[in-house]
């Protein structure tokens, strides 16, 4: 999966429709002004999204665009795939005879597969809930831990976190300090001698 500017703008456009187009269709002019993006550029993107049955249009006064399906049925992967080309899959029959180009291409393909799996799990509804804790990649079991614990990284959760299994500060997104961290170590002072 490639992440072009067009793919990012497609996700932004669909998110705008999910937030603002639930009651009435939204015009591209309104979205372009709100997002500070060229309307003609959005027209190219909306045509591709419409071609993939992700949006529908309403003609006439009060017309515009709206989501074709509920926001919890549209994955971010599906949106990006609608506007960006999918790279050709690479297959190596004999790894022993593969060169550096083939081996590194396989690496990028493996990373791409992890990103795709993550984006398939995130929907427009997830974004519009405005709960950023869901974007914690480790919580989606996509990226291996590699020995780094949640005590070592900042993340956001809702109080008593199921992911890191300890109370967290929901305002800053930092974990709650342990008793050892709250209690400062005893200080020792070395006498300072003044030269005479």
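Any read-out appearing in this document is the output of simple, stated calculations on the displayed coordinates, not a laboratory observation. What you see is a predicted model, and the numbers here were worked out from it, not measured in a lab. Cβ placement follows ideal geometry from the backbone for every residue including glycine, while neighbour counts extend to all protein chains displayed.
Numbers for the structure displayed
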| quantity | calculated |
| --- | --- |
| Total residues in segment 45-55, condition out of contact with any helix residue (DSSP H, G or I) (no Cβ under 7 Å at 6 or more places or on another chain) and surrounded by 14 or more Cβ atoms within 10 Å (Cβ to Cβ) | 1 |
| In segment 2-41, the residues that are under 21 Å from the mean Cα position of the chain (by Cα), assigned to a loop (DSSP other than H, G, I, E, B) and buried (at least 16 other Cβ atoms within 10 Å of the Cβ) | 37 |
| Boolean, residue 68 is within 29 Å of the chain's Cα centre (by Cα) and surrounded by fewer than 11 Cβ atoms within 10 Å (Cβ to Cβ) | no |
| Residues being in contact with a helix residue (DSSP H, G or I) (Cβ under 6 Å, 6 or more places away or on another chain) and in a helix (DSSP H, G or I) - total across segment 80-115 | 3 |
